[in-house]
Amino acid sequence: MKRTELIVYFLIVAFLLAAYFFFPKPLNFSAAVSIIIVIIMALAFILVFVRTIQGHFIGRRMVFVFVGVALLLPFFMQFKLPLQISPEVRSAYDALVNLPPGSRVLASYDYDPPSAPELQPMADAFIKYCFDHDLKVIIMGLWPQGPQQANLSIEAAFRENPPLRNNIKYGVDYVNLGFQSGNEFVILRMGESFKAMFPTDLYNTPYDSIPLLKNIRNYSNVDMSFNFSAGRPGAVEWVQVAVDRYGLRIASCNTAVQAPQVYPYLESGQLLGLLGGMSGAAEFEDLTGKAGKASTYILSQSFAHVVVILFIIIGNVAFFREKRTKVD
Amino acid sequence: MRREIPLAITFIVGVSYIIAYFIPREPFSNFENWFNDWYAIVASFAIWLGALNLMKMSSLKIIRGKADVFHSVLIIISFLLILGIGFYEGFRGINATPSFSFRDPGTGFDWLYVNIYTPLSATMFALLAFFVASASYRAFRARNFEATLLLLAGFFVMLGRVPVGDLVTGWLPPEYQLSQWANWIMNVLNTAGQRAIMIGIALGLVSTSLRIILGLERAYLGGD
């Protein structure tokens, strides 16, 4: 590692520590400061554009700085962008809204922390909605970290609305069955018997002694399912096994990378709805009426997308200019 | 016998699953349930096998003093730390009244998970955004017709999937705004392409599965 790099890292850490101690409350820029920052960034891009068409490509570290600034700044800005609700998010929400109180919803948490920035806001909004509308949630995970991510959602719901901690009872209003290994074979076996795959819950309580699970034998005893999926096993396996074979009604929540793979199932009616990536999460939060992390993150993502697109445009302008020069 | 027994197991299990799918009645459904249970048990052991293999490889690297010794030491320490705390909390939770899970909020395992594992793994994934931007600037060029199509699709979906897209095209009627373009690309063009890929994969899977069940494809048995 070079000495200059070490100094830069040291300065970043020192700056972050100073910021942590000097700004105990969240820092919010005023509208004027936000506009000035956006104008400075735009000017910087013009400079990059000019340098690039002159044949001087900026280094990758400078690109990283642009992306980093674009991702970070929105956290300190106060404006909100209007969201257009996409049909697939609307249909997932409608499917949930149409469930009468007391309905039983199976929630499979099939992801781990790397995908949590996209999927956790969806899971949080889902759990909050279910607790607020008396929907009974049966949690499970085909990924080892899934049930713990579910615990984080539950904890977030309790933190936001403290009375829920007393009103919502474990085993009556929700249950966490934990993780089971076996990928799609677990889904297949659950079509016959949930108990066969989850003889106890996360706390070693026998399946039969959990009140919520009294009359639940297989998929025919749940009203709907929500799947939070970051890959395999996930949404595709749930559709191929539980939907096609056992007729489970399911809505899927996917990372932006995985969402394109499940669109065919949406078109064919095998999925009730789809929440794809951060935009899906933000739209879902908007529909449930409780702005969460996704409503903030989507602003960062917007800025980052704009930065990437600007870099693509600048790179291509330079490319065509160079091509024309060669032809001349 | 080292080859015949696995081939026989594969044939019996494969055929049982096919029959059980088309005739979901006893006794075929029972066979399918047994095999599903066995698979879950074998998969659980495979997790331990993977973990122990990681320990073995890391230990060997340390013993042989290879270049990545520091990383191997870190792997072993992290593994033992998480394992130790997990077992300790699990044991404490089972004996407590009311009982709790080692993964519950407030446990040492949960602290490590929330404060170390989660930010580290999320950071690794987030680095993608930076590399994508750098690669787009240097290499994403409209060199030919296909690349131009990809570039245009990327442009519309990237802008249409975030609210700033509709902000830019807010002056247009709602049905012509960028989010609608992105929806159309995802629902029509993407779906058509994905279906073609899925049908191709499914046909390949069926033929490969049949070859494995019938013993024609034996590569999975390994070399002699």
So which residues in segment A:37-50 are surrounded by 15 or more Cβ atoms within 10 Å (Cβ to Cβ) and within 13 Å of chain B (Cβ to nearest Cβ), if there are any at all?
-> A:Phe45, A:Val48, A:Phe49
List the helices (runs of 4 or more DSSP H) that sit entirely inside segment A:113-194 and contain at least 1 residues that are under 20 Å from A:Val243 (Cβ atoms).
-> A:116-132, A:146-160, A:184-190
Specify which of the listed residues (A:Ser252, A:Ser268, A:Ser229) is polar (S, T, N, Q) and touching a Leu at 6+ places or on another chain (Cβ under 6 Å).
-> A:Ser252
Does A:Ser252 count as touching a residue at least 12 places away in the same chain (Cβ under 8 Å) and surrounded by 23 or more Cβ atoms within 10 Å (Cβ to Cβ)?
-> yes
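So, in segment B:103-138, how many residues would count as being more than 24 Å from the chain's Cα centre (by Cα), touching a residue at least 12 places away in the same chain (Cβ under 8 Å) and not in a loop (DSSP other than H, G, I, E, B)? Even if it seems obvious, please write down each step before you answer.
Step one: of segment B:103-138, the residues more than 24 Å from the chain's Cα centre (by Cα) are B:104-108, B:111, B:133-138.
Of the ones still in play, those that are also touching a residue at least 12 places away in the same chain (Cβ under 8 Å) are B:107-108.
Within this subset, residues satisfying the condition of being not in a loop (DSSP other than H, G, I, E, B) are B:108.
Number of matching residues: 1.
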Check segment A:267-280 and report whether any residue there is at the interface with chain B (Cβ under 8 Å from one of its Cβ atoms) and without any contact (Cβ under 8 Å) to a residue 24 or more places away in the chain.
-> yes
Residue count, segment B:89-102, condition more than 10 Å from every other protein chain (Cβ to nearest Cβ), over 29 Å from the mean Cα position of the chain (by Cα) and part of a helix (DSSP H, G or I), comes to 3
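Within segment A:212-259, track down each residue that is among the charged types (D, E, K, R) and within 21 Å of B:Glu32 (Cα to Cα).
Matches in segment A:212-259: A:Arg217, A:Glu237, A:Asp244, A:Arg245.
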Starting from segment B:33-50, keep only residues that are farther than 19 Å from A:Asn218 by Cβ and at the interface with another protein chain (Cβ under 7 Å from one of its Cβ atoms), then list their pairs with residues that are of a type in the set (Phe, Trp, Tyr) and part of a helix (DSSP H, G or I) whose Cβ atoms are within a distance under 8 Å, requiring at least 6 positions of separation or different chains.
-> B:Ala43/A:Phe185
Kindly check whether there is at least one residue in segment B:139-146 that is farther than 19 Å from A:Phe303 by Cβ and within 24 Å of the chain's Cα centre (by Cα).
-> no
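Give the residues of segment A:62-107 that are outside any loop (DSSP other than H, G, I, E, B), of a type outside the set (A, V, I, L, M, F, W, C) and closer than 25 Å to A:Met190 by Cβ, sorted by residue number. Explain how you work it out, then say what you get.
Filtering segment A:62-107 for residues outside any loop (DSSP other than H, G, I, E, B) gives A:62-76, A:87-97, A:104-107.
Add one more test, that the residue is of a type outside the set (A, V, I, L, M, F, W, C), and what stays is A:68, A:74, A:87-88, A:90-91, A:93-94, A:104.
Those that are outside any loop (DSSP other than H, G, I, E, B), of a type outside the set (A, V, I, L, M, F, W, C) and closer than 25 Å to A:Met190 by Cβ: A:Ser91, A:Arg104.
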Output for segment A:203-239, where each listed residue is among the aromatic types (Phe, Trp, Tyr) and either more than 18 Å from A:Gly280 (Cα to Cα) or without any contact (Cβ under 8 Å) to a residue 40 or more places away in the chain (or both) = A:Tyr203, A:Tyr207, A:Tyr219, A:Trp238
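When the residues of segment B:110-120 are narrowed to those that are within 9 Å of another protein chain (Cβ to nearest Cβ) and farther than 20 Å from A:Thr296 by Cβ, which ends up surrounded by the most Cβ atoms within 10 Å (Cβ to Cβ)?
Here is the first cut: in segment B:110-120, the residues within 9 Å of another protein chain (Cβ to nearest Cβ) are B:110, B:113-114, B:117-120.
Adding the requirement that they be farther than 20 Å from A:Thr296 by Cβ leaves B:110, B:113, B:117, B:120.
Working: B:Asp110: 20, B:Tyr113: 22, B:Tyr117: 17, B:Leu120: 11.
Top of the filtered list is B:Tyr113.
I need the full set of residues from segment A:74-95 which are within 29 Å of A:Ser34 (Cα to Cα) and more than 9 Å from chain B (Cβ to nearest Cβ), in order please.
First pass over segment A:74-95, keeping only residues within 29 Å of A:Ser34 (Cα to Cα): A:74-86.
Residues satisfying the conditions are A:Pro74, A:Phe75, A:Phe76, A:Met77, A:Gln78, A:Phe79, A:Ile85.
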Hits in segment A:98-131 - residues which are closer than 19 Å to A:Ala259 by Cβ, in contact with a strand residue (DSSP E or B) (Cβ under 7 Å, 6 or more places away or on another chain) and hydrophobic (A, V, I, L, M, F, W, C) = A:Ala107, A:Leu119, A:Met122, A:Ala123, A:Phe126
Just wondering, is there one or more residues in segment B:121-129 that are facing chain A (nearest Cβ under 8 Å) and either touching a strand residue (DSSP E or B) at 6+ places or on another chain (Cβ under 9 Å) or of a type in the set (Lys, Arg) (or both)?
-> no
Only one of (1) buried (at least 21 other Cβ atoms within 10 Å of the Cβ); (2) more than 12 Å from chain B (Cβ to nearest Cβ) fails for A:Ala304. Which number is that?
-> (2)
Does segment B:19-35 hold any residues that are of a type in the set (Val, Ile, Thr) and within 16 Å of A:Tyr246 (Cα to Cα), and which are they?
-> B:Ile23
Quickly run through segment B:1-13 and pick out the residues that are farther than 14 Å from B:Trp34 by Cβ and part of a helix (DSSP H, G or I).
-> B:Glu4, B:Ile5, B:Pro6, B:Leu7, B:Ala8, B:Thr10, B:Phe11
Tabulated pairs, segment A:161-183, first in contact (Cβ under 8 Å) with a residue 24 or more places away in the chain and away from chain B (no Cβ under 14 Å), second assigned to a loop (DSSP other than H, G, I, E, B) and surrounded by fewer than 17 Cβ atoms within 10 Å (Cβ to Cβ), C-beta under 8 angstrom, 6+ apart or interchain = A:Asp173/A:Asp134
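If I filter segment A:226-233 for residues that are among the polar types (S, T, N, Q) and more than 14 Å from the chain's Cα centre (by Cα), do I get at least one hit?
From segment A:226-233, those among the polar types (S, T, N, Q) are A:227, A:229; that's our starting set.
Now narrow it down to the ones that are more than 14 Å from the chain's Cα centre (by Cα): none.
No, segment A:226-233 has no match at all.
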Yes/no for A:Ile127 being within 25 Å of A:Gly276 (Cα to Cα), crowded, with 21+ Cβ neighbours inside 10 Å and over 19 Å from the mean Cα position of the chain (by Cα) | no
Some residue of segment B:167-177 being charged (D, E, K, R), part of a helix (DSSP H, G or I) and closer than 29 Å to A:Glu118 by Cα = yes
Is it true that some residue in segment A:242-265 is in contact with a Pro (Cβ under 6 Å, 6 or more places away or on another chain), within 25 Å of A:Phe79 (Cα to Cα) and part of a loop (DSSP other than H, G, I, E, B)?
-> no
In segment B:79-116, what count of residues is obtained for those that are at pLDDT 90 or above, of a type in the set (Ser, Thr, Tyr) and more than 21 Å from A:Gly146 (Cβ to Cβ)?
-> 1
Is there a residue being surrounded by 13 or more Cβ atoms within 10 Å (Cβ to Cβ), of a type in the set (Val, Ile, Thr) and part of a helix (DSSP H, G or I) anywhere in segment B:198-215?
-> yes
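The values are calculated or read from the model by the stated rules, or taken from the named source; none is laboratory data. The model shown is predicted, which means the values in this text are computed figures rather than measured ones. Backbone-built Cβ (ideal geometry, glycine too); neighbour counts: all protein chains shown.
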